[in-house]
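K.L.:
The structure under discussion is supplied below as structure tokens; questions concerning it will follow.
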Amino acid sequence: MRALTLFLVATAIILSGCLGGSGGSSSTPVPPAGASADVRVLHAAADAPSVDIYINDELAIPDLARFEATSFTSVPAELLTIDVRASGSPADSAPVFSSEVTPTADGFFTLVAYGLLDDDSFDLLVIADDIQTPPTDTARAFVLHAAPATGNVDVYVDATDELGAEPLLADFAPAADSADYVEVPAGDYRIRITPAGDRDTIAYDSGFVSLESGPSYFLAALDRASGFAPASVIALLDNPSFVQLEDQRTRVRAMHLSPDAPNVDVLVDGAAAVPDVAFRDVSDYLTVLAGEYDIAVAAGGNEVASLTVNAEAGVAYSILATGFVSVTGEQGFALRPLVDDLTPGEGAKVRVIHASPDAPNVDVLVNGAMFAGLAGVPYFTASDYVEAPADTYDIAVNVADTLTTVIDLPGTGLNAGSNYTVIAINDVANIEPLLVVDP
């Protein structure tokens, strides 16, 4: 089980169990005279730059980056004028946003810069934090939906891999919150977010996160892309001031490129994951939590080859079954992992793989010119992705240093935002192209 521990340094918890301090600052702010309150700020506005925050015309928080948060700091318990300016703007320049806040004495408050500047939905949410020490062996968390682009969602918090029968928060709307701190037994939990009413579509997966007894966690969903998720979650603590909970999923697929191998089953950690994969087949991606996996292929119930993949969060992998089953050595059957680029570019991205076991070295040409220095390419070689303008191209693979074309793909259309993998497969007598298009 992969566990990420959210923690608070003991010195950040005062005797009453409330959070205090300055989030790792090397100096302790001088508390205001008279009644005071503790305030922290989360910058959750997805289209806003780093900001300077002024309180009563004094610079209180300089250069707060988007999707980051401060620790608690003491402020007077009185009417406060909050001005937000782009980082580095003159103090006498017009603020991009102003608001008035009156924190109550001895209270704890989280101010959230929320919404978008572009559509005038920007606002300052003022949330009173009921920070207290939970019962023994109990974790408590407050949840805020600060990701307006994500829309209404269901939030599941489960102690097992299985998605719970019911979400903890159903049809959770942007700017909504859990209204109170939610208490659960301290332990490891997996936080998953789906579109409202669609439990089959996981938009975000934290992996297993350890929620400890003692702290009061403030969890907020952000319009911050993470891994394969359009959103992510931030945990506000105090020291450190915050921890980003990245989407922890990885993707793995199989390509059967062995000319003389029968249909195979793909096993993950000994369990059948993709059955009956035939030559030339490219499986769909399996989406799993990041971690170490044993990948194997079996034919007729007998394991033929295996390898261990340490799959990282946010990374997609192709496992290529290559070579001849009937021979050994360099041309023999083997599993080879490759990292796939699923990020769309402004143009088309192209990579080329030489996976024909007994074919000689080759040259790869595009519109008659050598492509990305791919001259004399031996088996098994995979190029990097090369970005090219969307257009129609003549792609050819020649025997190295000759005019003998073994693969000819005239008039191949490449679309902007798509990523292409061109693979030379089969034995040399029957060499052919396999074109894989992502996404």
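The values are calculated or read from the model by the stated rules, or taken from the named source; none is laboratory data. Bear in mind the structure is a predicted one, so any value in this text is a computation, not a measurement. Neighbour counts run over all protein chains shown; Cβ positions are idealised from the backbone, glycine included.
K.L.:
Against the condition in contact with a strand residue (DSSP E or B) (Cβ under 7 Å, 6 or more places away or on another chain), small (Gly, Ala, Ser) and over 30 Å from residue 213 (Cα atoms), how does residue 65 come out, does it pass?
P.N.:
When the stated conditions are applied, residue 65 does not pass them.
K.L.:
Can you find a residue that is under 30 Å from residue 43 (Cα atoms) and of a type in the set (Val, Ile, Thr) anywhere in segment 289-300?
P.N.:
no
K.L.:
Continuing with this model, one more query. Under 6 Å by Cβ, and 6 or more places apart or on different chains, what pairs join a residue from segment 249-260 that is at pLDDT 95 or above with one that is among the acidic types (Asp, Glu)?
P.N.:
249/205; 256/281; 259/427
Each row is one residue, and each column tells you yes or no for (1) within 30 Å of residue 182 (Cβ to Cβ); (2) of a type outside the set (Ser, Thr, Tyr).
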site: 89; (1), (2): no, no
site: 93; (1), (2): no, no
site: 110; (1), (2): yes, no
site: 117; (1), (2): no, yes
site: 129; (1), (2): yes, yes
site: 143; (1), (2): yes, yes
site: 151; (1), (2): yes, yes
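K.L.:
Could you check, for segment 297-309, whether at least one of its residues is of a type outside the set (Asp, Glu), modelled with pLDDT under 95 and part of a loop (DSSP other than H, G, I, E, B)?
P.N.:
Scanning segment 297-309 turns up at least one residue that is of a type outside the set (Asp, Glu), modelled with pLDDT under 95 and part of a loop (DSSP other than H, G, I, E, B).
K.L.:
Return the pair list, or none, for Cβ contacts closer than 8 Å from residues in segment 160-179 that are surrounded by 15 or more Cβ atoms within 10 Å (Cβ to Cβ) and at pLDDT 95 or above to residues that are of a type in the set (S, T, N, Q) and outside any loop (DSSP other than H, G, I, E, B), at least 6 apart or on different chains.
P.N.:
These pairs meet every condition: 167/194; 174/150.
K.L.:
Take the residues of segment 242-258 that are part of a loop (DSSP other than H, G, I, E, B) and crowded, with 23+ Cβ neighbours inside 10 Å: which is farthest from the chain's Cα centre (by Cα)?
P.N.:
Here the answer is 258.
K.L.:
Can residue 206 be described as within 30 Å of residue 38 (Cα to Cα), in contact (Cβ under 8 Å) with a residue 12 or more places away in the chain, surrounded by fewer than 21 Cβ atoms within 10 Å (Cβ to Cβ) and assigned by TED's automatic domain parsing to the domain that holds residue 67?
P.N.:
Answer is no for this residue.
K.L.:
Could you check segment 180-223 and list, in sequence order, the residues that are modelled with pLDDT of 95 or more and among the β-branched types (Val, Ile, Thr)?
P.N.:
If the condition is that a residue be modelled with pLDDT of 95 or more and among the β-branched types (Val, Ile, Thr), then 191, 193, 194, 201, 202, 209 are the ones that fit.
K.L.:
So which of 323, 332 ends up being in contact (Cβ under 8 Å) with a residue 40 or more places away in the chain and farther than 24 Å from residue 204 by Cβ?
P.N.:
Sole residue among the options that is in contact (Cβ under 8 Å) with a residue 40 or more places away in the chain and farther than 24 Å from residue 204 by Cβ: 323.
K.L.:
Mind listing whichever residues of segment 36-53 are crowded, with 19+ Cβ neighbours inside 10 Å and either within 25 Å of the chain's Cα centre (by Cα) or touching a residue at least 40 places away in the same chain (Cβ under 8 Å) (or both)?
P.N.:
37, 38, 39, 40, 41, 42, 43, 44, 45, 46, 48, 51, listed by residue number.
K.L.:
Name the one entry in 372, 355, 313, 359 that is over 30 Å from residue 392 (Cα atoms) and hydrophobic (A, V, I, L, M, F, W, C).
P.N.:
313
K.L.:
Moving on to the next point. Assigned by TED's automatic domain parsing to the domain that holds residue 49 and touching a Ser or Thr at 6+ places or on another chain (Cβ under 7 Å), is that true of residue 160?
P.N.:
Judged against the criteria, residue 160 is not a match.
K.L.:
Kindly provide the set of residues from segment 310-325 that are assigned to a loop (DSSP other than H, G, I, E, B) and either aliphatic (A, V, I, L, M) or farther than 22 Å from residue 259 by Cβ (or both), ordered by number.
P.N.:
312, 313, 314, 315, 325 - these are the residues of segment 310-325 that are assigned to a loop (DSSP other than H, G, I, E, B) and either aliphatic (A, V, I, L, M) or farther than 22 Å from residue 259 by Cβ (or both).
K.L.:
Considering only strands (runs of 3 or more DSSP E) fully contained in segment 56-125, which possess at least 1 residues that are hydroxyl-bearing (Ser, Thr, Tyr)?
P.N.:
Hits in segment 56-125: 73-76, 80-86, 97-101, 108-114.
K.L.:
Using the structure shown, decide if residue 336 is basic (Lys, Arg), in the same structural domain as residue 268 (by TED's automatic domain parsing), at pLDDT 95 or above and surrounded by 15 or more Cβ atoms within 10 Å (Cβ to Cβ).
P.N.:
Answer is yes for this residue.
K.L.:
Checking the condition of a type in the set (Phe, Trp, Tyr) and within 20 Å of residue 164 (Cα to Cα), which residue from 208, 218 passes?
P.N.:
It is 208.
K.L.:
Just checking, how many residues over segment 206-231 are of a type in the set (S, T, N, Q), assigned to a strand (DSSP E or B) and more than 19 Å from residue 110 (Cα to Cα)?
P.N.:
Total satisfying the criteria: 3.
K.L.:
Please pick out the residue among 352, 364 that is farther than 21 Å from residue 256 by Cβ, outside the structural domain of residue 336 (by TED's automatic domain parsing) and either in a strand (DSSP E or B) or within 27 Å of the chain's Cα centre (by Cα) (or both).
P.N.:
One residue alone meets the criteria, 364.
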